[in-house]
1. Given the conditions (1) without any contact (Cβ under 8 Å) to a residue 40 or more places away in the chain; (2) on the phi > 0 side of the Ramachandran plot; (3) more than 33 Å from the chain's Cα centre (by Cα), report the number of the one that Tyr308 does not fulfil.
2. Please go through the stretch 227-244 and pick out each residue that is modelled with pLDDT of 80 or more, open to solvent by 100 Å² or more (accessible area, probe 1.4 Å) and more than 11 Å from Ala173 (Cβ to Cβ).
3. Among Glu332, Glu347, Glu301, Glu293, which is charged (D, E, K, R), assigned to a helix (DSSP H, G or I) and surrounded by 14 or more Cβ atoms within 10 Å (Cβ to Cβ)?
4. Is there any pair linking a residue in the stretch 326-349 that is in the same structural domain as Asn98 (by the TED database) to one that is among the acidic types (Asp, Glu) and buried (at least 20 other Cβ atoms within 10 Å of the Cβ), with Cβ under 7 Å and at least six apart or on different chains, and which?
5. Scan the stretch 185-208 and report the pairs whose first residue is in the same structural domain as Met131 (by the TED database) and whose second residue is of a type in the set (S, T, N, Q) and open to solvent by 30 Å² or more (accessible area, probe 1.4 Å), with Cβ atoms within less than 7 Å and a gap of 6+ or a chain change.
6. Read through the list (1) in contact (Cβ under 8 Å) with a residue 40 or more places away in the chain; (2) more than 34 Å from the chain's Cα centre (by Cα); (3) over 26 Å from Phe256 (Cβ atoms), then give the number of the only condition that Pro313 fails.
7. In the stretch 83-115, how many residues are over 16 Å from Phe177 (Cβ atoms), buried (at least 18 other Cβ atoms within 10 Å of the Cβ) and either within 16 Å of the chain's Cα centre (by Cα) or free of Cβ contacts under 8 Å to residues at least 12 places away in the same chain (or both)?
8. Do we find that Ser157 is small (Gly, Ala, Ser), open to solvent by 20 Å² or more (accessible area, probe 1.4 Å) and at pLDDT below 90 in this structure?
Amino acid sequence: MATLAFASLTSLPFSSARRSLSIHGRFAFLHKTLGWGRRSLLLPITCSSSESDPNQNADSDAKTAPLSSSSLTDKLYVGLGGVGFLETTYLTYLKLTNSDAFCPIGSGSCGDILSSDYAVVFGVPLPLFGMVAYGLVATLGVQLLTAKKLPFGIGESNARLVLLGTTTSMAAASSCFLYILSTKFSGASCSYCLLSALLSFTLFFITLKDLGLEKVQKEVGLLLCIASLVFVTLNRSYSAYPPVSSSPSEIDLPYFTTEITTPSSPFAIALAKHLNAIGAKMYGAFWCSHCVEQKQMFGREAAKLLNYVECFPSGFRKGTIMEKACIDVGIEGFPTWVINGQVLSGEKDFTELAQESGFELNESSPPP
């Protein structure tokens with residue numbers, strides 16, 4: 001009889017038994033009265049459902065997946081720091097090579113500001129400091145975002161304090177430069193300066209929000225020390241080397257001529273005649289050193305053959321406007337060449353001028 005009872009128990013469909021058992025491995029108690037005695041049969045059964053519950057798996061993944069509240073902040077560090085690094089790298093290149101800056105807005109004001117004494121701090125180009133600062137912000141942002149080992153073995157909390165100190169110094173410097181821009185360069189517009197200031201202040205406020213008010217309050221003394229150090233450093237640098245004002249409102253420069261002293265080669269004379277014959281023009285300003293260097297390249301005799309247009313024949317002072325011929329060309333810097341209807345900014349060597357003007361180069365008249 002006991003045999004029959006056990007057989008009837010084990011012959012139950014497994015699907016019915018599975019519904020009565022716990023999926024997570026709890027013991028199932030099956031109670032059955034066997035013959036002359038009352039005993040319980042205990043079967044330790046572990047059931048595993050072959051069909052997974054997608055909602056349950058999703059909840060489990062949500063509990064185990066780490067969520068970083070600073071991931072968006074770290075991405076902003078990388079993005080904004082990268083933009084600032086590219087901008088300051090470009091400006092550093094222009095400063096080191098003495099090249100003219102392309103000014104989307106301001107018609108040459110960017111170049112005037114970049115070439116002024118305010119663009120140098122103790123002999124070091126100012127954009128170079130910005131390049132280092134933006135590069136540090138972007139690098140730390142990448143490493144925080146990818147959870148890689150930070151440099152010098154610093155922890156994440158210390159890395160964020162480094163970011164706070166760096167962005168504080170950048171915001172303090174930007175405040176100082178905006179003051180200089182509004183007072184020493186009144187009326188001038190510098191799109192690169194404004195972009196850098198916007199990036200600096202944005203990164204600073206992002207860092208404050210990331211750390212939280214409570215932690216920032218503990219570091220107020222450090223932030224004030226950093227900002228004060230920046231102001232003192234810049235003030236001492238500009239006081240040690242008094243800058244020559246580049247503000248148009250403070251300049252009163254009478255017209256003068258510069259003597260060309262270099263001799264002209266036969267090739268330079270031939271090229272100058274060709275440029276004059278096709279109507280090519282060179283637009284310049286009497287105070288422009290690059291214009292003088294361009295004429296020196298041609299030499300004394302050839303320079304007289306060039307069709308040169310002076311944009312400030314009456315001198316330069318507050319309220320002076322360029323000659324209409326120069327305005328019509330849309331000059332952004334000096335010198336500017338107009339050859340066959342094409343506007344070319346900056347100094348050009350003989351090879352470039354020959355190619356643009358269609359002057360044939362041959363073995364008998366190679367460029368010097």
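The values are calculated or read from the model by the stated rules, or taken from the named source; none is laboratory data. Small disclaimer: the values here were computed from a predicted structure and weren't measured. No Cβ is skipped: glycine too gets one built from the backbone with ideal geometry, and neighbour counts run over all protein chains shown. For the accessible areas, the whole protein counts, side chains as well, though only heavy atoms, and no ligand, DNA or RNA atoms are used. Shrake-Rupley method; radii C 1.70, N 1.55, O 1.52, S 1.80 Å.
1. (2)
2. Hit for the stretch 227-244 is Arg236, nothing else.
3. It is Glu301.
4. none
5. The qualifying pairs are Phe185/Ser246; Ser186/Ser249; Gly187/Ser249.
6. Of (1) in contact (Cβ under 8 Å) with a residue 40 or more places away in the chain; (2) more than 34 Å from the chain's Cα centre (by Cα); (3) over 26 Å from Phe256 (Cβ atoms), only one is false for Pro313: (3).
7. 2
8. In short, yes.
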